[in-house]
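Computed from the coordinates by the stated procedures, all read-outs in this text should not be read as laboratory data. Model, not experiment: these values are computed from the prediction. Methodologically, a virtual Cβ is constructed for each residue, glycine included, from the backbone with ideal geometry; neighbour enumeration extends over all protein chains shown.
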Amino acid sequence: MMEVNKNQPDLLVQAFAHAAERRSVTSIENFIDAILWERPDLRKKIAKGKASVEREESANSAYVVFIGDEVFKAPKLKRDMEASASGDEYETVKKVNRNIIIAFEKEVEALQGLKGSSRLIPKVTYIGKGTLFFAMSRKPGVTYESLTAITPLTTEQKRTLARDLIDFIIHMALALPMENGRYAKHSDLHRRNILLDPKTKKLTAVIDFGRIFYFSRDKLGHVGIDEVITKMGEEEFARRKSDIPNPKQVKAKSLDASANYAKVAGSQKPFGGMQ
Ligand SMILES: Nc1ncnc2c1ncn2[C@@H]1O[C@H](COP(=O)(O)OP(=O)(O)O)[C@@H](O)[C@H]1O
Ligand SMILES: [Mg+2]
């Protein structure tokens, strides 16, 4: 049995304690104020007409603002619900807010863990000091949803996209640390979280890393963009799966290797009989 280390606060407490040191954003207006308060460089750029502030209205779980070549994101907490709720309801709302903050912290952590590893992934450019937000590089492209609203992709374009998404999934599984023999996966791969080049229709970015869950190797190949892409993705994954080591085989292989070592070394155990 593994003992719980009492000196190491659990992730929830850690995330919350960290978050508690910073104010949370309550409206898009006070978000913009908070960004500009911390980033005089942007205030200057805006004053000189070199950057402007754009609000992303479609985001629902977050406040999202574009300034220059950066995107600013802050968790949208259910503060109004917290204020009006009572008793059990209050506890539920508090839990919801706590989960939103954890997802936020995890998004930043994942993006930092992936930094520089793929052109498809935004880079963290700033983390809020007094207020709970972060900034990342603004990626080119438009969402799959808006790009395909009028003209759907052709079968060939879908095939290319399915390949690129599987490539991305494999890249991420290999780039982030495993948990209990399972691989990290962006578990929110939907039409508004992938960006495509409007001309070539090719994948330019994957965004929104707030939901990363862990899966066994066999369950990594699912992309939920549309039925055809999902099917193509699963076929592509079946071909590419062996790029990801199967943790069971890795274990079996190292056991084989130590059996060979024992053979070569005769009856002597390599580490003085350590079990
Ligand atoms: N790094 C980025 N580059 C370009 N656009 C982005 C970026 N991050 C977010 N966006 C835009 O903002 C929208 C909302 O951001 P997202 O991180 O998906 O927030 P939410 O968690 O609310 O879905 C995205 O659908 C996309 O249009
Ligand atoms: Mg999103």
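Here Leu165, Leu77, Leu174 are placed in order of increasing Cβ neighbour count within 10 Å, fewest first, which gives Leu174, Leu77, Leu165. Rounded to whole numbers, the Karplus 3J(HN,Hα) couplings from phi for the range 204-218 are 10, 6, 10, 10, 6, 9, x, 10, 10, 10, 10, 10, 5, 3, 5 Hz, using 6.51 cos²θ - 1.76 cosθ + 1.60 with θ = phi - 60°, and x at Gly and Pro. Computed over neighbours whose Cβ is under 10 Å from that of Leu189, the net charge equals +1, Lys and Arg +1, Asp and Glu -1.
Here are some pairs, Lys201/Lys248; Lys115/Lys219; Lys50/Lys185; which of them have Cα atoms lying more than 27 Å apart in this structure?
Working: Lys201/Lys248 38 Å; Lys115/Lys219 25 Å; Lys50/Lys185 37 Å.
As for pairs spanning more than 27 Å Cα to Cα, those are Lys201/Lys248; Lys50/Lys185.
Rg and Dmax of the range 33-149, based on Cα coordinates, read 16.4, 51 Å. Available extension along the chain between Glu82 and Val228 is 48.4 nm, counting 0.36 nm per residue and deducting the alpha carbon span.
Residues of the range 140-176 with an amide N closer than 16 Å to a point placed 7 Å from the Cα of Ser242 along the Cα-to-Cβ direction: none.
Listed from fewest to most Cβ neighbours within 10 Å, the set Arg239, Arg39 follows the order Arg239, Arg39. Rounded to the nearest whole Hz, the Karplus-based 3J(HN,Hα) values (6.51 cos²θ - 1.76 cosθ + 1.60, θ = phi - 60°) of the range 120-128 follow the sequence 7, 9, x, 9, 6, 10, 6, 10, x, with x at glycine and proline. Once backbone amide H atoms are built at 1.01 Å from N, Ala51 has Ile46 as its partners under 5 Å, excluding neighbours fewer than 5 places away on the same chain. Scattering from the range 110-248 was approximated by placing one identical point on each alpha carbon and applying the Debye formula without solvent; log10 I(q)/I(0) at 0.09, 0.10, 0.15, 0.21 1/Å stands at -0.28, -0.34, -0.75, -1.32.
In the structure shown, the pairs Lys76/Lys231; Lys45/Lys95; Lys76/Lys123; Lys44/Lys139 are assessed against 32 Å; a Cα-Cα span above that value is assigned to Lys76/Lys231; Lys45/Lys95.
A simple spin-label model places the labels of Ser27 and Glu54 2.4 nm from each other, with each point 7 Å out along Cα-to-Cβ.
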